[in-house]
Amino acid sequence: MPAYTHGHHESVLRSHRVRTAENSAGYLLPHLRSTDRLLDLGAGPGTITVDLATRVAAVSATEIGEQELDLARATAAERGISNISFTVADAHALPFDDDTFDVAHAHQVLQHVSDPVQALRELARVTKPGGIVAVRDADYSGFTWWPASPMLDRWLDRYRGAARANGGEPDAGRRLLAWAHAAGLTDVRAASSTWSYASPEERAWWGGLWADRIVDSAIARQLVETGLSTPEELQSMSEAWRSWASHPDGWFSVLHGELLCRVP
Ligand SMILES: C[S@@+](CC[C@H](N)C(=O)[O-])C[C@H]1O[C@@H](n2cnc3c(N)ncnc32)[C@H](O)[C@@H]1O
């Protein structure tokens, strides 16, 4: 099974757990039908998954291992959602028959896989003709913020280096349309959307989780082990995040690309 740049440290899950179908899959929601069978590839802690499950007949959630699947299982149990099945799966070779799903969804997954075109081919293969492949991914070079901070510039540079060293593509959002075309998908609607953080509460949450993540999560280990950074530099980045979070003018925008593909 593949490596996952972020790992599942508490500071990573803190970021994923606020995700809802509305704030992360809004572009897909008008197209869902109550009779749909939906695949949620790379469900993570499953907060989007359980929301989607309230809108369709059945959801199949996947993760890269049983331990990772337990996170989504726990979220489904907490919310009392029972129409989700759980399967270990790698995006490059999905363990599902052709034409199984009405909708195949992946949020913030393609940026982490080594061959996103193959992953899109697989998502299309398991989707019924006339069904939808819906993907949304961040575009790190499109992140923008204020006030300017050389140490946050360095954070972005180092993060992108770690993601690429791991076989991923941190600037995935801008490439999604090209990847879909390369996968043979021709009926594709491409767009973009953002998350923004500018209130004191939002800044404390976003700045605080990155301040922890850059010193405590799997990314921190990788940056040091690969020689892309040092513990001292990571500590300075963490402090830069806290300083941004406490600045009354602090503003941050997270760019995403998103695609709705109609399967032929
Ligand atoms: C950024 S998280 C997104 C989780 C969830 N979709 C969300 O947005 O909250 C990416 C997830 O993709 C999974 N993943 C990474 N590589 C994968 C692969 N090759 N195939 C399937 N899933 C993968 C990771 O384990 C991780 O949980």
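The values are calculated or read from the model by the stated rules, or taken from the named source; none is laboratory data. Keep in mind that this is a model prediction, so the values were computed, not measured. All Cβ positions, even for glycine, are placed from backbone atoms using ideal geometry, and neighbour counts span all protein chains on display.
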Note to self: So, in segment 31-72, exactly how many residues are of a type in the set (A, V, I, L, M, F, W, C), assigned to a loop (DSSP other than H, G, I, E, B) and buried (at least 24 other Cβ atoms within 10 Å of the Cβ)?
What the structure shows: 1
Notebook entry, point to check: Do you know which residues across segment 88-98 are loosely packed, with under 14 Cβ neighbours inside 10 Å and either aromatic (Phe, Trp, Tyr) or more than 18 Å from Pro116 (Cα to Cα) (or both)?
Noted result: Asp97, Asp98
Next item on the list: Give Ala204, Ala211, Ala240, Ala198 a once-over and let me know the one that is among the aliphatic types (A, V, I, L, M), within 23 Å of Arg17 (Cα to Cα) and buried (at least 18 other Cβ atoms within 10 Å of the Cβ).
Entry: Ala211
Check: Given (1) near the ligand (Cβ under 10 Å from one of its atoms); (2) closer than 22 Å to Asp99 by Cα; (3) among the β-branched types (Val, Ile, Thr), where does Ile48 come up short, assuming only one miss?
Finding: (2)
Check: For segment 191-264, which helices (runs of 4 or more DSSP H) that fit wholly inside it have 2 or more residues that are over 23 Å from the mean Cα position of the chain (by Cα)?
Finding: 218-225, 231-245
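So, in segment 15-29, exactly how many residues are among the polar types (S, T, N, Q) and near the ligand (Cβ under 9 Å from one of its atoms)? Working first, answer last.
Applying the first criterion (among the polar types (S, T, N, Q)) to segment 15-29 yields 15, 20, 23-24.
Going one step further and asking which of them are near the ligand (Cβ under 9 Å from one of its atoms), we end up with 15, 24.
Number satisfying all stated conditions: 2.
Rundown of residues vs (1) more than 13 Å from the ligand (Cβ to nearest atom); (2) within 30 Å of Val224 (Cβ to Cβ); (3) among the hydroxyl-bearing types (Ser, Thr, Tyr), yes/no style:
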residue	(1), (2), (3)
Ala89	no, no, no
Leu94	no, no, no
Val109	no, yes, no
Ala119	no, yes, no
Phe143	yes, yes, no
Ser149	yes, yes, yes
Asp157	yes, yes, no
Glu169	no, yes, no
Ala172	no, yes, no
Next item on the list: Hey, could you check segment 73-84 for residues that are assigned to a loop (DSSP other than H, G, I, E, B) and polar (S, T, N, Q) and say which is farthest from the ligand (Cβ to nearest atom)?
Entry: Ser82
Next item on the list: Can you give me the number of residues within segment 85-134 that are farther than 22 Å from Ala53 by Cα, of a type in the set (Gly, Ala, Ser) and not in a strand (DSSP E or B)?
Entry: 2
Notebook entry, point to check: Does Ser114 qualify as being modelled with pLDDT of 95 or more and within 22 Å of Ala178 (Cβ to Cβ)?
Noted result: yes
